[in-house]
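A.B. asks: Below is a structure I'd like to ask you about.
The values are calculated or read from the model by the stated rules, or taken from the named source; none is laboratory data. Here the structure is a predicted model, which means the values were calculated and not measured. All Cβ positions, glycine included, derive from the backbone under ideal geometry; neighbour counts span all protein chains shown. Just so you know, the surface numbers come from the protein's heavy atoms only, side chains and all, with ligands and any DNA or RNA stripped out. Shrake-Rupley method; radii C 1.70, N 1.55, O 1.52, S 1.80 Å.
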Amino acid sequence: LLGQILDQWFESEPLKATLATDAVIGAMASPHTPGSGYVLLHHVMGELEGRRGAWGYVAGGMGALSQAIACAAAARGAHIFTEKAVCHVLLGKDGWAQGVVLQDGTEVRSKLVLSNASPQITFLELTPQEELPKDFVQRIQQVDTRSPVTKINVAVDRLPSFLAAPNARDGQPLPHHQCSIHLNCEGTHLLHQAFTEATHGHPSSRPMIELCIPSALDPGLAPQGCHVVSLFTQYTPSVLAGGQPWDEQARNAYADTVFDCIEAYAPGFKASVIGRDILTPPDLERIFGLPGGNIFHGGMSLDQLYFARPAPSYSGYRSPIPGLYLCGSGAHPGGGVMGAAGRNAAQVALEDFRQL
């Protein structure tokens, strides 16, 4: 349990709770849930520019990272098609993957196919079911994809001024504006309480909020004097109690709860809001293809990691379909902006390609 680990090392409850957020981020779990300690480890493993466990912002926004990868691929001769939805994986008479068919009927043929879509989309929607073992299909159907995340993007006309660290008179960003700001994290009991509410189908009344202001580091993201605020919040259930839909009223009611919480820490925040974009778990699934809205393509629980991700006997990026590989977050080692699954899958695919 994460709580036991933190209790061994720290005395300060706010510090323990702040660290605990990385043990439950993206997970429908509490700091008291068995296995939550691994999720914290997952988020601090690795390094950034030589600094172990460090995170960073991407200049130009996260889309700039995709563009950098695209440019690197194009420089090596890759052809990139965007806004071209894939209908299904194309199989030859021998059962090998031979490319993909687009929704407009276009066939894109290749010797290998790598999918960074979720295991559910890859194997339950894009692959002919009769070509897959029944136990494999059943395993993919049973993957826990519950998501507690609602992401709220906000445009504001001034920097938030927190009671604990008021803004300077010139309105320029201070050091804390350039960091990850955790709210409603004064104690791990608050996280557990927020989790418990969501398990009963109710959005948290005092949600865990991770607030970032990327424009404080990258001014080009917003007009002069204005800023963009990214709110990563938990816990919101994918399915509301009583089967109620995540309609506009439910979305706005939850966002208002989040904004009321921020207002308590930074009076004037609500008055500074110019616009907001609210993405509940169903929105994250519909827009980004994340099953259940899960940002990791499936829970990072111990029964869905290592040799069991996405299924036992298929953790090595190969799939039951020869020539079809899984290279996204649903493969080992799981989610996060690190590219490990893609790198590993590419090495396996290259190994097989050389033998063709």
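A.B. asks: Within the chain, which DSSP H helices have Cα atoms that stretch 24 Å or more along the helix axis and a mean Kyte-Doolittle hydropathy of at least -1.0?
C.D. replies: Helix filter hits for the chain: 248-265.
A.B. asks: What does the charge dipole of the range 144-248 about its Cα centre add up to, to the nearest 20 debye, if the Cβ of each Lys and Arg holds +1 and the Cβ of each Asp and Glu holds -1?
C.D. replies: Dipole magnitude for the range 144-248 comes out near 140 debye.
A.B. asks: Set the Förster radius R0 to 30 Å, insert the Cβ-Cβ distance between Arg158 and Ala64 as r into 1/(1 + (r/R0)^6), and round the FRET efficiency to 0.05.
C.D. replies: Once rounded, the FRET efficiency stands at 0.75.
A.B. asks: Which trypsin sites (Lys or Arg not before Pro) in the range 146-215 sit in a loop by DSSP (not H, G, I, E or B) and have at most 15 other Cβ atoms within 10 Å of their own Cβ?
C.D. replies: Details: sites: Arg146, Lys151, Arg158, Arg169; in loops: Arg146, Arg158, Arg169.
Those satisfying the criteria are Arg158, Arg169.
A.B. asks: Along Cα→Cβ, 7 Å out, is where each label goes; now give me the distance between the ones at Arg354 and Lys111 in nm to one decimal.
C.D. replies: Going by the 7 Å Cα→Cβ label model, 1.3 nm.
A.B. asks: Now for a different question. Starting from the range 46-92, pick out the GluC sites (Glu not before Pro) whose DSSP state is loop and whose Cβ has at most 16 other Cβ atoms within 10 Å.
C.D. replies: Answer in residue order: Glu49, Glu83.
A.B. asks: May I pose another question? Would you work out what percent of the accessible area of the range 82-213, with all protein chains in place, is carbon or sulfur (probe 1.4 Å)?
C.D. replies: 51
A.B. asks: Can you tell me the length gained on complete extension of the stretch His88 to Gln141, counting 0.36 nm per residue apart and subtracting the Cα distance?
C.D. replies: 17.3 nm
A.B. asks: Next up: In nanometres, what is the gap between the two model label sites at Glu131 and Ala165, each 7 Å from Cα along Cα-to-Cβ?
C.D. replies: The modelled label-to-label distance comes out at 5.4 nm.
A.B. asks: If you only keep lysine pairs separated by 8 or more in sequence, or across chains, how many in the chain come under 28 Å at the Cα atoms?
C.D. replies: 8
A.B. asks: Hey, another quick one. Counting Lys +1, Arg +1, Asp -1, Glu -1, what net charge surrounds Val239 among other residues with beta carbon under 15 Å of its beta carbon?
C.D. replies: -2
A.B. asks: Still on this model: Just round it to a whole percent: the fraction of Cα-Cα distances in the range 262-356 exceeding 24 Å.
C.D. replies: The proportion of pairs with Cα distances above 24 Å equals 41 percent.
A.B. asks: Per residue, how many Å² of accessible area does the range 226-356 show with a 1.4 Å probe?
C.D. replies: Solvent-accessible surface per residue comes out at 43 Å².
A.B. asks: Over the alpha-carbon set of the chain, work out the extent along each principal axis and list the three values in angstrom, largest first.
C.D. replies: Largest first, the chain extends 69, 44, 43 Å along its Cα principal axes.
A.B. asks: For the range 89-163, what does the accessible surface come to per residue with a 1.4 Å probe? Please give it in Å². Write out the running numbers ahead of the final one.
C.D. replies: Numbers: 3920 Å² over 75 residues.
With all protein chains present, the range 89-163 gives 52 Å² per residue.
A.B. asks: Cβ neighbours within 10 Å, averaged per peptide: list 348-355, 133-140 in order, most packed at the top.
C.D. replies: Those peptides, ordered most packed to least, come out 133-140, 348-355.
A.B. asks: First compute the accessible area of the range 227-347 with a 1.4 Å probe, then give the percent of it belonging to carbon and sulfur atoms.
C.D. replies: 58
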